[in-house]
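Please read the structure below before turning to the comments.
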Amino acid sequence: MRLIKYLAAVFVIGVLHSCSDRTGVNYVEGLSYLDNSPVRIEYENGKITNVVNIRRLSDPNSKIYVAPGLIDNQVNGFMGVSFVDTGGELTDEGIRLVTTSLWERGITSYFPTLTTNDHQIFLKNFALLAETRKDPSLLGSIPGFHLEGPYISPVDGFRGAHPLRYVRDPDWDEFMELYEAAEGNILQVSLAPEVPGAMEFIERCRDIDAVVGLAHHNGTMEEITEAIDKGARLAIHLGNGLANTINRHNNPLWPQLADDRMMVGMICDGIHLRPEQIKVFYRAKGPDRIVITSDASSLGGLPPGYYLNAIGDTLEITPEGAIVYPAQQVLAGSAQDQSVGVGNVMRATGCSLAEAIQMTSTNAAQLYSLEDRGELISGKRADIILFTMEDYKMDVKKTIVAGETVYNALE
Ligand SMILES: [Zn+2]
């Protein structure tokens, strides 16, 4: 009797986790994000094994799309958890909470992002993240980390909400301590090109295959071009990390937009960039050279109000969903997750769902050489999301990570 109960439990869990046909192959059906055609995605042992065009979906009225899981290269925290301790000490439970909360929103891979802070906190948190990312229950959702700062502009406005007392000039030996604590998993370093030592630092990042981004800076055209020559590849959250008043000719926007070698990151939360900025950036770069990120803060996912962080700063989530740092009237990260960017970029630019997913998944996979994800093709990881799109809003219904169903609102 006990054995029967056990088998029944196994059977129920099996049904909850996936659909499978008579041969035992797992599959999902939906409208392809590429062209709206009905497809069946088969997967086994964590990988996609087959993508089959089918005549119609089992429910012909279904408006559920299927796409690769989203990849966010800039997540500072979520649900009260901060990767630099501004929400309290980072724990492995906190890392797990961020991961599972993002899964529910369709983000199947993300880069915990550590912004300008104390060196000891960096060391401690990179070490914890390096350990926790190996946990099999996180299903490989943390391919690596992003260090944004502390090697940025100390100037108000360009510095954004990064605390001045921790801003400093690039120091390769200091960075190597962080890199070792992170067990070599820092995939993105974002810094200002105009600060002393930046160019040598950018050059050395080539040796460790870290992608260099330009962030929180007031670099000249010459400095930006030299940084790109030396290997910088991404303009971090273009249009943000910029003073409110800039020179109309000489400012960091034009050279970063004009140089075709440079990709741009955009925060499409509806607050950090106006629709016309998103449209102009999109027209300048095209869907091949844009990575949409959330820049989600530790306050992401929380209700409006005033919050005091662990380093004594007061932050406000406004009723409109902006997180502001009232002391300097600057934005301090986003309250939204990356999935809202899919609809927002489509609304602002008129781009297709295929292009929006390219900018929220495929491009990041290519930029960071994450060759196992970012597309729905045979051989890639089974990181699959099912969702509806209504009024430019992505509503995630089911998330599969490495073949495991981790979120399911369809039952
Ligand atoms: Zn930033």
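The values are calculated or read from the model by the stated rules, or taken from the named source; none is laboratory data. Quick caveat, the model's predicted, so the values are computed rather than measured. In this analysis, Cβ positions are derived from the backbone assuming ideal geometry, glycine residues included, and neighbour counts consider all displayed protein chains.
Candidates are the residues of the stretch 157-174 that are within 13 Å of the ligand (Cβ to nearest atom) and surrounded by 20 or more Cβ atoms within 10 Å (Cβ to Cβ); the one that is nearest to Thr132 (Cα to Cα) is His162. When the stretch 239-286 is examined, which residues are found to be in contact with a Phe, Trp or Tyr (Cβ under 8 Å, 6 or more places away or on another chain) and farther than 16 Å from Thr225 by Cα? Of everything in the stretch 239-286, those that are in contact with a Phe, Trp or Tyr (Cβ under 8 Å, 6 or more places away or on another chain) and farther than 16 Å from Thr225 by Cα turn out to be Gly239, Gly241, Leu242, Ala243, Met266, Leu273.
Here is the figure for the stretch 327-356: residues that are in contact with a helix residue (DSSP H, G or I) (Cβ under 7 Å, 6 or more places away or on another chain), in a loop (DSSP other than H, G, I, E, B) and surrounded by fewer than 24 Cβ atoms within 10 Å (Cβ to Cβ) total 1.
For (1) surrounded by 21 or more Cβ atoms within 10 Å (Cβ to Cβ); (2) within 16 Å of the ligand (Cβ to nearest atom); (3) assigned by TED's automatic domain parsing to the domain that holds Phe111, each residue gets a yes or a no:
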| position | (1), (2), (3) |
| --- | --- |
| Gly219 | yes, yes, yes |
| Ala235 | yes, yes, yes |
| Asn244 | no, yes, yes |
| His249 | no, no, yes |
| Trp254 | no, no, yes |
| Ala258 | no, no, yes |
| Arg261 | no, no, yes |
| Val264 | yes, yes, yes |
| Asp288 | no, no, yes |
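With the condition kept exactly as written, say whether any residue in the stretch 67-83 is without any contact (Cβ under 8 Å) to a residue 12 or more places away in the chain, out of contact with any His (no Cβ under 8 Å at 6 or more places or on another chain) and outside any strand (DSSP E or B). No; the residues of the stretch 67-83 include none that is without any contact (Cβ under 8 Å) to a residue 12 or more places away in the chain, out of contact with any His (no Cβ under 8 Å at 6 or more places or on another chain) and outside any strand (DSSP E or B).
For the stretch 393-401, the count of residues that are assigned to a helix (DSSP H, G or I), without any contact (Cβ under 8 Å) to a residue 12 or more places away in the chain, more than 16 Å from Ile267 (Cβ to Cβ) and not hydroxyl-bearing (Ser, Thr, Tyr) is zero. Checked against the criterion of being among the polar types (S, T, N, Q), under 19 Å from Trp254 (Cα atoms), in the same structural domain as Thr116 (by TED's automatic domain parsing) and within 16 Å of the ligand (Cβ to nearest atom), the stretch 175-188 has no qualifying residue. Across the stretch 333-373, what is the number of residues that are within 16 Å of the ligand (Cβ to nearest atom) and not hydroxyl-bearing (Ser, Thr, Tyr)? Of the residues in the stretch 333-373, 5 are within 16 Å of the ligand (Cβ to nearest atom) and not hydroxyl-bearing (Ser, Thr, Tyr). Right, Met359: outside any loop (DSSP other than H, G, I, E, B), outside the structural domain of Ile292 (by TED's automatic domain parsing) and within 18 Å of the chain's Cα centre (by Cα) or not? It is false that Met359 is outside any loop (DSSP other than H, G, I, E, B), outside the structural domain of Ile292 (by TED's automatic domain parsing) and within 18 Å of the chain's Cα centre (by Cα).
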